[in-house]
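Reviewing the structure listed below.
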Amino acid sequence: MGKQKTKKFAAMKRMINMKDNRIKEKDRAKPKEVKKKDPSELKETEVAKYPSCLFFQYNTQLGPPYHVLVDTNFINFSIKAKLDIVQSMMDCLYAKCIPYITDCVMAEIEKLGMKYRVALRIAKDPRFERLPCAHKGTYADDCLVQRVTQHKCYILATVDRDLKRRVRKIPGVPIMYISNHRFNIERMPDDYGAPRF
């Protein structure tokens, strides 16, 4: 009995190296020129722009009335916990709060269908401010992270673990979440704030 040949998967066609002498002189890859570095030349480095609203990592733009960016799952979990969003925010922060909803979050709630019609009705509440989105697509997490990075005046209200993990890397952005049937603000790390002398 003869052996059956098995088909090779992901087999690629072999390509000629661009430096091969079988290729015409004009089509060949030119050898890379190595530039000698001048030791007396100044080194230029690109430094990321740091927002002026931060005093080290302390955010000076946060203050009453607080602007709270609300995520889709935050609305759903507050309905499950039977919490009025605006009132619970005020109980948490002891000040006036203005909840904001982006177009992406609104589109995400609309996509969820009839099961989440209560969340849609709450999102269309006149106490909620609408923020228009100029970017393409309706992925709410990217939209919220981008907005929080650009404008440091927002508190982000979410229950999503992945989104929390992404936002924690951005300095000066507090996170509001739900635990024990109430809203809480995530505690900032101990090294947060002005330097100790």
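The values are calculated or read from the model by the stated rules, or taken from the named source; none is laboratory data. Keep in mind that what you see is a predicted model, and the values were worked out from it rather than measured. So basically every Cβ, Gly included, is an ideal-geometry build from the backbone, and we count neighbours across all protein chains shown. Keep in mind that these areas ignore ligands, DNA and RNA; they rest on the heavy atoms of the full protein, side chains included. Shrake-Rupley method; radii C 1.70, N 1.55, O 1.52, S 1.80 Å.
Odds and ends about this structure:
- Residue match in the range 166-175 (condition: among the small types (Gly, Ala, Ser), surrounded by fewer than 19 Cβ atoms within 10 Å (Cβ to Cβ) and under 26 Å from Asn59 (Cα atoms)): no
- Where a residue in the range 22-49 is open to solvent by 100 Å² or more (accessible area, probe 1.4 Å) and its partner, wherever it lies, is modelled with pLDDT of 75 or more, with Cβ under 7 Å and at least six apart: Arg22/Ile16
- Hits in the range 133-164 - residues which are under 14 Å from Thr72 (Cβ atoms), among the hydroxyl-bearing types (Ser, Thr, Tyr) and open to solvent by 20 Å² or more (accessible area, probe 1.4 Å): Thr138, Tyr139
- Taken over the range 139-185, the criterion of being closer than 15 Å to Tyr66 by Cβ, of a type in the set (A, V, I, L, M, F, W, C) and over 9 Å from the mean Cα position of the chain (by Cα) is satisfied by Cys153, Ile155, Leu156, Ala157, Val173, Ile175, Met176, Phe183, Ile185.
- When residues of the range 97-122 are limited to those that are buried (at least 18 other Cβ atoms within 10 Å of the Cβ) and more than 21 Å from the chain's Cα centre (by Cα), the one nearest to Met176 (Cα to Cα): Cys97
- Residue count for the range 71-84, restricted to those that are among the aliphatic types (A, V, I, L, M) and over 20 Å from Arg161 (Cα atoms): 1
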